[in-house]
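The block underneath contains the structure these notes are about, expressed in structure tokens.
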Amino acid sequence: MKLLHIDSSILAAGSTSRQLTAETVAAWRAAHPNTQVEYLDLAVDAPSHFGADALGIKTGVQAQPTEAQLRENALSEKLVTQFLAADVVVIGAPLYNFTIPTQLKAWIDRLAQAGRTFKYTDKGAVGLAGGKTIIVASSRGGIYSTSEGGQAAEHQESYLKVIFGFFGITDVRFVRAEGIAMGDAPKAAALTAARADILVATAEAANQKTVAQAA
């Protein structure tokens with residue numbers, strides 16, 4: 001089994017989401033000892049934002065791609081191939097300005113490729129990346145999950161559910177620590193709750209559905 005461990009926080013050792021992804025990966029390996037882990041730090045090795053050169057080669061309009069297009073396409077192919085090869089993906093996703101870090105969004109933009117993670121049909125888009133388990137380590141300074149206003153304001157967990165669902169992934173699990181900026185006691189309670197989430201999220205085996213079943 002292959003696990004892809006991804007961090008996106010810019011806070012290095014001070015990051016709660018990094019702490020939670022490390023604990024999640026350790027717990028997963030303890031529960032599933034045959035797991036091979038690959039690590040990607042998007043804050044250190046951030047893909048460039050998706051631009052015209054990254055898209056250009058996908059359109060098939062030009063007979064001869066430019067060097068910039070070839071370079072951007074190679075990066076996209078590297079990231080999507082790495083993603084598709086993983087059975088489990090553990091993602092550190094802190095809440096920045098009500099959404100995910102731009103580094104994480106840039107990575108997702110590279111994955112969203114017609115013919116690789118989804119396809120268009122006469123009935124609409126169909127995901128092609130089913131059969132994976134996604135575990136998101138979600139960290140938040142405030143509390144968003146317990147009120148309608150908070151749920152409407154966050155575009156972090158809600159966005160990740162939608163985009164991975166679009167890719168055909170039905171098994172998306174969340175490890176959540178919220179209220180971590182509200183004082184020592186709320187932060188301690190948040191970490192305790194997140195560690196309980198980790199035990200639940202890592203105890204169950206990875207989603208074994210095939211791509212065809214997921215689609």
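Taking the conditions exactly as written (in contact with a Ser or Thr (Cβ under 9 Å, 6 or more places away or on another chain) and not in a helix (DSSP H, G or I)), does I135 satisfy them or not? Criteria met by I135. If you go through region 1-22 and pick out every residue that is more than 10 Å from A137 (Cα to Cα) and open to solvent by 40 Å² or more (accessible area, probe 1.4 Å), you end up with 7. Among the criteria (1) surrounded by 19 or more Cβ atoms within 10 Å (Cβ to Cβ); (2) touching a Phe, Trp or Tyr at 6+ places or on another chain (Cβ under 8 Å), the one F164 does not fulfil is (2). Only residues that are loosely packed, with under 11 Cβ neighbours inside 10 Å and of a type outside the set (A, V, I, L, M, F, W, C) were counted in region 37-61, giving 3.
Table: residues versus (1) within 21 Å of K119 (Cα to Cα); (2) modelled with pLDDT of 95 or more; (3) part of a loop (DSSP other than H, G, I, E, B).
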| residue | (1), (2), (3) |
| --- | --- |
| Y144 | no, yes, yes |
| G150 | no, yes, no |
| L160 | yes, yes, no |
| I169 | yes, yes, yes |
| R176 | no, yes, no |
| A189 | no, yes, no |
| R195 | no, yes, no |
| K209 | yes, no, yes |
| Q213 | yes, no, no |
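Quick one: count up the residues across region 113-122 that are open to solvent by less than 50 Å² (accessible area, probe 1.4 Å) and modelled with pLDDT under 95. The total comes to 1.
For every residue, the table says whether it meets (1) open to solvent by less than 10 Å² (accessible area, probe 1.4 Å); (2) over 29 Å from G14 (Cβ atoms); (3) β-branched (V, I, T).
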| residue | (1), (2), (3) |
| --- | --- |
| P101 | yes, no, no |
| D109 | no, no, no |
| V126 | no, yes, yes |
| I134 | yes, no, yes |
| R140 | yes, no, no |
| G179 | yes, no, no |
| A194 | yes, no, no |
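Looking at V44, V80, V89, just one residue is in contact with a Leu (Cβ under 7 Å, 6 or more places away or on another chain) and farther than 27 Å from G150 by Cβ, and that residue is V80.
Residue pairs whose Cβ atoms lie under 8 Å apart, separated by 6 or more positions or on different chains, with the first residue in region 64-88 and farther than 15 Å from A46 by Cα and without any contact (Cβ under 8 Å) to a residue 60 or more places away in the chain and the second of a type in the set (S, T, Y) and surrounded by 14 or more Cβ atoms within 10 Å (Cβ to Cβ), are L84/T117.
Would you confirm whether or not region 73-95 contains a residue that is touching a Ser or Thr at 6+ places or on another chain (Cβ under 8 Å), modelled with pLDDT of 90 or more, open to solvent by 20 Å² or more (accessible area, probe 1.4 Å) and outside any helix (DSSP H, G or I)?
yes
If you go through region 15-44 and keep only what is over 15 Å from I91 (Cβ atoms) and charged (D, E, K, R), you end up with just R29.
The values are calculated or read from the model by the stated rules, or taken from the named source; none is laboratory data. From a predicted model like this one, the values you see are computed outputs, not experimental measurements. Heads up, the Cβs are rebuilt from the backbone with ideal geometry, glycines too, and the neighbour counts pull from every protein chain shown. Quick note on the areas: whole protein, heavy atoms, side chains included, nothing else; ligands and nucleic acids left out. Shrake-Rupley method; radii C 1.70, N 1.55, O 1.52, S 1.80 Å.
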